[in-house]
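Notes for the one structure printed next.
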Amino acid sequence: LVRVPSTIGELSQLLFLMLHSNHLVEVPPELVRLTRLQRLTLNDNEISALPTEYNAFTRLQELSWLDNPLEYPRGLWTVRFKDEMIASIPALKALLKKEKLS
């Protein structure tokens with residue numbers, strides 16, 4: 001999978017989305033319409049940046065992006081859980097807000 005269909009945003013009741021082990025180069029902007037999303041897994045793709053729209057995910061509890069060529073200091077946003085790197089959502093939101101102010 002190299003691109004997520006834009007119709008993904010129509011799945012308004014979706015709670016978990018696993019997009020790991022694909023060839024995605026970007027996170028589709030339509031994901032912000034998934035307001036009930038609780039877990040998003042993006043591991044093992046080609047994603048180089050996370051969009052700032054993640055502030056829209058008010059129910060997101062876990063965001064995992066291990067093995068992507070992201071341009072950020074990894075240690076600032078991650079915690080280890082069951083041998084997987086998972087973002088701390090409050091820390092991610094704070095850092096994104098701080099970057100916007102810079």
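The values are calculated or read from the model by the stated rules, or taken from the named source; none is laboratory data. All values derive from a computational prediction rather than experimental measurement. Because the Cβ atoms are built from the backbone with ideal geometry, glycine has one as well, and the counts that use them run over all protein chains shown. Side chains included, ligands, DNA and RNA excluded: accessible areas come from the protein's heavy atoms. Shrake-Rupley method; radii C 1.70, N 1.55, O 1.52, S 1.80 Å.
Checked against (1) open to solvent by 40 Å² or more (accessible area, probe 1.4 Å); (2) of a type in the set (A, V, I, L, M, F, W, C); (3) touching a helix residue (DSSP H, G or I) at 6+ places or on another chain (Cβ under 8 Å), L11 passes all but condition (3).
Among the residues of segment 1-34, the ones that are touching a residue at least 12 places away in the same chain (Cβ under 8 Å) and part of a loop (DSSP other than H, G, I, E, B) come to 20 in all. Within segment 35-47, the set of residues being part of a loop (DSSP other than H, G, I, E, B) and out of contact with any Asp or Glu (no Cβ under 6 Å at 6 or more places or on another chain) comprises T35, R36, L37, Q38, L42, N45, E46, I47.
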